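Single-structure report; data block below.
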Amino acid sequence: MPDNAIEVVGLVKRYGSVTALDGLDLSVATGQVTGFLGPNGAGKTTTIRILLGLLKADAGRAQVLGLNPWTDAVALHRRLVYVPGDVALWPNLTGGQIIDVLGRLSGGIEKSRKQEMLERFQLDPTKKTRTYSKGNRQKVALVAALASRAELLLLDEPTSGLDPLMEGQFQECIKQVKAEGRSVLLSSHIFAEVESLADTICIIREGHTIEQGTLASMRHLNRTQVRTDLDSGADTLRNLDGVHDLAVDGSHVTFSVELSALPSVLDRLSRLNPRSLAANPPSLEEIFLSYYHTDVAKDQGSQK
Amino acid sequence: MSATTAWTTPGASAQRLSLAHLATFTRFTVRRNWLRLVVWILIIVGMLAFIFDYYKTLFVDPKALQGFIDTVHSPSLLAMVGIISNPESIAGATWCKYWMFGSLMLSIGILFLMTRNLRGDEDQGRAELMRSTPLGIHSRLGASVIVMSALSVLIGVLSALVLSSFFTDASTVGALASVSTVAQASQGAWVFGMSFAAMGLLGVGVGALVNELCPSSGSANGIGIGIFAVFYLIRMIGDLNSSALGWVSPMGWAQKMDPWGANRWWPLLAVVVLAVVLVVVAWVIQSRRDLGDSVVMRGHVPTPPAAEPTPGTYAATAPKAAASTSRAASASPILTTVWGMGIRLQRGAFLGWGIGLIIFPLVLGTVIKSIRDLLTDTQIGTLATTVDGVLGELFIPLLALAVGVFAAQSATTLRTDEAHGVLESQLATGVGRVSWALQRLAVTLVGTIVMLLLCGVCLGASYGSYANDMSKLPVILGSFLVYIPACCVLASIFVLGFGWWPRFAVTVTWIVVGALWVFLIIGIALKIPQWVLDIMPFNATPAVPAVPMTWTPLIVLTLVAAVFTVAGLIGFRRRNVPM
């Protein structure tokens, strides 16, 4: 078995004059969950469709479970499941019928697992899908996918229509999938979900990869946010190495600090007798936004 | 496995052939469509049985049959249904009355079914979920081809059995089919049935091809109908000139199987070969294209990755992406109106219908000359014995009915908006329901008038230049405009349904339009009372210039259209949206 369930290098996809993917790199390690982040239109769905062999790449290389997704699409599909972000169903069939059709095509569905998932996600399988809301349509695809024992799960914003209770159930299921040594590519805009599930994270923008790595390594590249209350001496912190964006509002002081400088800065801070102290590592959201701010700034700089 | 073969590279072009899970998907296709399949079988075979049985009782009197035979030799029927080698029997009369109509209905019906299951599923995004399973690349196409081919053959076999069931007694087959033995009569029945099957298979082949070529189900159906219209037109010209041109059209092949006459079997083989070639071409295209993409008409791409307006910090990424695409970033002032939106949404339909309604009148205009020449040669026929007769009773109503279909289709876009969930957001703005509906229907009305004018100008100019008689142009133009109220009635039937039974409105509208066609062509055979036929919009409209102009029917039809529209709008104001 290859070390990586998904391996993508320099993927390019053009739609006429529009370049959707422009040298995208991505890897999903076997048995791990990889979060796939990027703003709308960054190319997440296009990437997943190429990984499914639904679209043909114009350049670059992609390998999924050791197979070529375009030429070996069918063999590959025996070993993976997919949940699209926008689930379209046949309006005159029931949810249960569609789950069975999908399961059967995927090589059989275990009745007990289907039942378990239906209960978990509280989906009524006897209703025609035209009566389903967006969330319920999504549950149909989720139940079909999570009831299977596929090696790889490709999930494209799978929870965008789910309520917080169902979101919790979804996270439980994915943790179970991971415990069973299966691999997941999870595209999502819900940072909390990615933060709690993903081993590694890939952030893309305008069709190319900005950063891929573990959350810890990304935190390492980013600054910790510190909030404290000081009676005096806040200004002495300003000139320390690694301290940025210091703001003083009465006794309330906030600043950000590079991770490498954190011990020495805290050492200095403790001598100023802080009345309160909170130091938070950057959240995924802050990391995500900081990558975009930097890129936006770079773009604006280069345009001048 | 070596790493090089496993990697996607730009050079690797075709996907591996695969029909994995073909059987499962074939069963799924049957399950999804079973009701439609059964209805098509009942309609096509049922009408055949009905007409044959009716003629058997009607033409007991040889004089009645002789009158029918005279009609068959008239140019207008020659144009509509083609040459009949053997009309002096019940079987021949049935072939004459029903074959062209029934077989066209069958092939276009199968084309629509193919589209519903192929491009339709891609349009709606349902194919994507299916294709993420181990379903073979070609299994969707394969399943549709299998199910629809089986439907064609089944209809053919049932038609043959139904006809054979009439030929049990050697003493009657002479009158029934102009043959001397039961075996010969049955042979004709099987040739008849298989000519139906051939037309169905033609629908399968054309359907497979257009579904792979076209970017949407609408364009696939449109171009598919266009192809059959061309087949029909070539056949018509060939039959009118008794030339070999009829052999150019695949529809001509099926027609020239000629049951109870030449009893040719080889044209069936030719149609089967053509259908297989078309399916193979579709197959090859499918293994080379992206799901949801089109080969000839780029532009439809699943959820195009064009920049969306994104809030906050992402906003700075939008302009760059927008600059790299040619798609309009903002709406023109016209597009921001409801009627402007209506025009924009129907742009493709206007274009397609417009092209068709230019080409057909142009061709028909040249055919009038042939008919006129025919008329001077042979003074037979009870129908349409003058140029005015051919125009008023055949060509103008035929084209006007096509415009009526356009009007109905254009009106149904109101429901399309609702079904696609875009009506809510429009009504959530300042526009009122009735105002929205009226503006969209105004587009339909203006479009209908433009289409009728197009027909009139093209038919008049074409005839005029062929016959050196431009004086007919204003008459022809006026004769087309007489059909405005009838077209409006078709559209208003939809509006009535849209107001009160929105989920069934589109289906009911097409059933009504289909029924109008059926009644127009074989109404008498179906024992529909004459008064019912007379009050149908297109029969009620005076067939000028064949008959003098009368205003009363037009006023009545206009009132009917108005009442239906108002009643529909009242329902639309009172009901839930969306429904």
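The values are calculated or read from the model by the stated rules, or taken from the named source; none is laboratory data. Keep in mind that what you see is a predicted model, and the values were worked out from it rather than measured. With ideal geometry, Cβ positions are generated from the backbone for all residues, glycine too; neighbour counts draw on all protein chains shown.
Against the test of being surrounded by fewer than 17 Cβ atoms within 10 Å (Cβ to Cβ) and aliphatic (A, V, I, L, M), the options A:V248, A:V226, A:V253 yield a single qualifying residue, A:V248.
B:A14 passes every criterion in (1) at pLDDT below 95; (2) more than 11 Å from chain A (Cβ to nearest Cβ); (3) farther than 19 Å from B:K97 by Cα apart from (2).
Only one of A:R78, A:R104, A:R130 is facing chain B (nearest Cβ under 8 Å), more than 25 Å from the chain's Cα centre (by Cα) and at pLDDT below 95; which? After ruling out the rest, the residue left standing is A:R104.
A quick yes/no check of all residues on (1) more than 7 Å from chain B (Cβ to nearest Cβ); (2) out of contact with any helix residue (DSSP H, G or I) (no Cβ under 9 Å at 6 or more places or on another chain):
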site: A:A73; (1), (2): no, no
site: A:G108; (1), (2): yes, yes
site: A:K114; (1), (2): yes, no
site: A:R120; (1), (2): yes, no
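Mind checking which residues of the stretch B:520-566 are over 19 Å from B:L490 (Cβ atoms) and among the aliphatic types (A, V, I, L, M)? Within the stretch B:520-566, B:I522, B:I524, B:A525, B:L526, B:V544, B:A546, B:V547, B:M549 meet the criteria. Scanning the stretch A:82-101 for residues that are buried (at least 24 other Cβ atoms within 10 Å of the Cβ), touching a strand residue (DSSP E or B) at 6+ places or on another chain (Cβ under 6 Å) and more than 7 Å from chain B (Cβ to nearest Cβ) returns a single hit, A:V83. Screening the stretch B:12-114 for helices (runs of 4 or more DSSP H) wholly inside it with 1 or more residues that are surrounded by fewer than 19 Cβ atoms within 10 Å (Cβ to Cβ) returns the ranges B:22-58, B:62-72, B:75-81.
Here the condition is being under 23 Å from the mean Cα position of the chain (by Cα), in the same structural domain as B:D417 (by TED's automatic domain parsing) and at pLDDT 95 or above; of B:G497, B:G514, it holds for B:G497 alone.
Tell me which of these B:T181 doesn't satisfy, since it passes every other one: (1) surrounded by fewer than 23 Cβ atoms within 10 Å (Cβ to Cβ); (2) over 17 Å from the mean Cα position of the chain (by Cα); (3) closer than 25 Å to B:M114 by Cα. Failed condition: (3). The numbered conditions (1) within 23 Å of the chain's Cα centre (by Cα); (2) of a type in the set (S, T, N, Q); (3) within 14 Å of chain A (Cβ to nearest Cβ) are all true for B:S195 except (3). Of the helices (runs of 4 or more DSSP H) that lie entirely inside the stretch A:190-300, those containing 1 or more residues that are closer than 30 Å to A:N40 by Cα and of a type in the set (D, E) span A:191-197.
Of all residues in the stretch B:535-565, those that are more than 30 Å from B:V387 (Cβ to Cβ) and surrounded by 15 or more Cβ atoms within 10 Å (Cβ to Cβ) total 4. Per this entry, B:T507 is counted among residues that are surrounded by fewer than 16 Cβ atoms within 10 Å (Cβ to Cβ) and not assigned by TED's automatic domain parsing to the domain that holds B:L48. Here A:A42, A:A57 are screened, and the one residue that is buried (at least 24 other Cβ atoms within 10 Å of the Cβ), at negative phi, touching a Lys or Arg at 6+ places or on another chain (Cβ under 9 Å) and at the interface with chain B (Cβ under 7 Å from one of its Cβ atoms) is A:A57.
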